[in-house]
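See below for the structure under consideration.
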Amino acid sequence: MSDSPAPLADPHLVFDPLTGDGPRDIVILGSTGSVGTQAIDLVQRNPERFRVTALSAAGGRVGLLAEQARRLRVRTVAVAREDVVPALREALRDQYAGEPLPEILAGPEAATEAAASDCHTVLNGITGSIGLAPTLAALEAGRTLALANKESLIVGGPLVKAIAKPGQIIPVDSEHAALFQGLAAGKRADVRKLVVTASGGPFRGRKKADLADVTPEDALAHPTWAMGPVITINSATLVNKGLEVIEAHLLYDIPFDRIEVVVHPQSYVHSMVEFTDGSTLAQATPPDMSGPIAIGIGWPERVPDAAPAFDWTKASSWEFFPLDNDAFPSVGLARHVGELAGTAPAVFNAANEECVDAFLKGALPFNGIMETVTEVVAEHGTPAAGTSLTVADVLEAETWARARARELAGKATAEARA
């Protein structure tokens, strides 16, 4: 581990404070999703601190998007699906009741255009690797990036790191926001390891054989967090934790063999930093994304009462267990693709997204998700060196991985029915 290069989100690098008396201008990508809606709630509770200038969403909930736009009085609304523009415009007319409507951006590049617009901070709450282009656009425009879209860093790690200035990225994942705060307590040379916590999902304690017949409904019943379906299934397979290991490596320049995963069912401790003197600093709050979102859009200032605190007058138990790598091989596979670098993480992520979709449709068993992803990664082989990675390389690898994953999932379904 080298102390010379500054990591992407070094807590020791202080961002420009709020200038003047006005609020900080924020663009929220993925505004109708879980992170986006919680961010909007936080903004509305702190109007003196934040002002939203643009919103983007996929287009599946135009009524909610229009209602958000009216409440926040944004300048721009971006939607990925061009076919929903008439419905969106009508919903905006209903909300604005004769007042001038905000600018509407539509199409696959709409979120990217919004990410590059004039603002202080872009909160990227998009789910999936489609968040890569907006991430790059925000960084290239010089915006502070509050990153909840871990996939864009994972699939395009070298691309992101090549243009991100020290301190420009603030992680919004609860685990990485915890590490971000823990690392502020010591020198980088004194860090022994990062410990990423996992709730264990709905299947904690089960063996691999016990997972063969679980249903999508079972997997979507997360015990501590309310999230979107893809992230929730990723938490059930622990793919989400594997992605977070790769993300921690990229954010903080810590080798993979010094990033550990531990199961913590209560989800109170969001991650820990262990120092060379034996001290371990844990960041803890009740399970709630408002705190990490507040760190992401408000740093270096903390937002008072952003999230609930513990009631220390009540007894509670906090448990920690080692990860069962046999039942949940996703973390080990993620370490492997992270070390391969290049297009391997993009292949891993894209194949997983396709397999999750197949599982939710009943076309692939739960254990088949990781079995298929593992096969796709193995077929992909050793990728080109990460330093020569291009956006075209990422897109090509993802396209191949998605097609191959669908092919293998279809084959598995046909064999099961035979």
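The values are calculated or read from the model by the stated rules, or taken from the named source; none is laboratory data. None of the values given here were measured: they were computed from a predicted structure. Glycine also receives a Cβ, built like all others from the backbone with ideal geometry; neighbour counts cover every protein chain displayed.
Condition check: of a type in the set (S, T, N, Q), under 19 Å from THR76 (Cβ atoms) and surrounded by 24 or more Cβ atoms within 10 Å (Cβ to Cβ). Does THR135 satisfy that?
yes
Could you tell me which numbered condition ALA306 fails, if it satisfies all but one of (1) assigned to a helix (DSSP H, G or I); (2) touching a Ser or Thr at 6+ places or on another chain (Cβ under 7 Å)?
(1) is the only condition that ALA306 fails.
Out of GLU354, GLU339, GLU396, GLU375, report the one residue that is assigned by TED's automatic domain parsing to the domain that holds ASN234, buried (at least 16 other Cβ atoms within 10 Å of the Cβ) and either more than 17 Å from LEU153 (Cβ to Cβ) or not aromatic (Phe, Trp, Tyr) (or both).
Of GLU354, GLU339, GLU396, GLU375, the one residue that is assigned by TED's automatic domain parsing to the domain that holds ASN234, buried (at least 16 other Cβ atoms within 10 Å of the Cβ) and either more than 17 Å from LEU153 (Cβ to Cβ) or not aromatic (Phe, Trp, Tyr) (or both) is GLU354.
Taking strands (runs of 3 or more DSSP E) that fall entirely within segment 40-119, which contain at least 3 residues that are surrounded by 15 or more Cβ atoms within 10 Å (Cβ to Cβ) and not hydrophobic (A, V, I, L, M, F, W, C)?
Result: 50-57.
What are the residues in segment 235-247 that are in contact with a Ser or Thr (Cβ under 8 Å, 6 or more places away or on another chain) and among the small types (Gly, Ala, Ser), if any?
If the condition is that a residue be in contact with a Ser or Thr (Cβ under 8 Å, 6 or more places away or on another chain) and among the small types (Gly, Ala, Ser), then SER235, GLY242 are the ones that fit.
Of the conditions (1) at negative phi; (2) touching a helix residue (DSSP H, G or I) at 6+ places or on another chain (Cβ under 6 Å), GLY201 clears all except one; give me its number.
(1)
Tell me yes or no: at least one residue of segment 367-377 is at pLDDT 95 or above, of a type in the set (Ser, Thr, Tyr) and part of a helix (DSSP H, G or I).
Taking every residue of segment 367-377 in turn, at least one turns out to be at pLDDT 95 or above, of a type in the set (Ser, Thr, Tyr) and part of a helix (DSSP H, G or I).
Among the numbered criteria (1) without any contact (Cβ under 8 Å) to a residue 40 or more places away in the chain; (2) under 30 Å from VAL394 (Cα atoms); (3) out of contact with any helix residue (DSSP H, G or I) (no Cβ under 8 Å at 6 or more places or on another chain), which single criterion is violated by LEU340?
Tallying (1) without any contact (Cβ under 8 Å) to a residue 40 or more places away in the chain; (2) under 30 Å from VAL394 (Cα atoms); (3) out of contact with any helix residue (DSSP H, G or I) (no Cβ under 8 Å at 6 or more places or on another chain), LEU340 fails exactly one: (1).
If LEU364 satisfies all but one of (1) more than 20 Å from the chain's Cα centre (by Cα); (2) in a helix (DSSP H, G or I), what's the number of the condition it fails?
For LEU364, the exception is condition (2).
With respect to ALA178, determine if the residue is at pLDDT 95 or above, crowded, with 21+ Cβ neighbours inside 10 Å and assigned to a helix (DSSP H, G or I).
So ALA178 fits the description; yes.
Which of the residues that make up segment 69-100 are at pLDDT 95 or above, of a type outside the set (D, E, K, R) and over 21 Å from LEU42 (Cβ atoms)?
VAL79, ALA80, VAL84, VAL85, PRO86, ALA87, LEU88, ALA91, LEU92, GLN95, listed by residue number.
Could you go through segment 217-230 and let me know if any residue there is touching a residue at least 24 places away in the same chain (Cβ under 8 Å) and in contact with a Lys or Arg (Cβ under 6 Å, 6 or more places away or on another chain).
No, because not a single residue in segment 217-230 is touching a residue at least 24 places away in the same chain (Cβ under 8 Å) and in contact with a Lys or Arg (Cβ under 6 Å, 6 or more places away or on another chain).
Could you tell me which numbered condition PHE366 fails, if it satisfies all but one of (1) without any contact (Cβ under 8 Å) to a residue 24 or more places away in the chain; (2) surrounded by 12 or more Cβ atoms within 10 Å (Cβ to Cβ)?
(1)
Say whether the condition of being among the hydrophobic types (A, V, I, L, M, F, W, C), at pLDDT below 95 and part of a helix (DSSP H, G or I) is met by at least one residue in segment 395-406. If you could, list the steps in order and put the result at the bottom.
Here is the first cut: in segment 395-406, the ones among the hydrophobic types (A, V, I, L, M, F, W, C) are 395, 397, 400-401, 403, 405.
Still in the running and at pLDDT below 95: 395, 397.
Right, trim to part of a helix (DSSP H, G or I) and you get 395, 397.
Yes, because at least one residue in segment 395-406 is among the hydrophobic types (A, V, I, L, M, F, W, C), at pLDDT below 95 and part of a helix (DSSP H, G or I).
So that you can scan it fast, the table gives a plain yes or no per residue for (1) on the phi > 0 side of the Ramachandran plot; (2) at pLDDT below 90; (3) in a loop (DSSP other than H, G, I, E, B); (4) surrounded by fewer than 24 Cβ atoms within 10 Å (Cβ to Cβ):
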site: GLY131; (1), (2), (3), (4): no, no, no, no
site: LEU139; (1), (2), (3), (4): no, no, no, no
site: GLY142; (1), (2), (3), (4): yes, no, yes, yes
site: LEU145; (1), (2), (3), (4): no, no, no, no
site: PRO158; (1), (2), (3), (4): no, no, no, yes
site: GLY167; (1), (2), (3), (4): yes, no, yes, yes
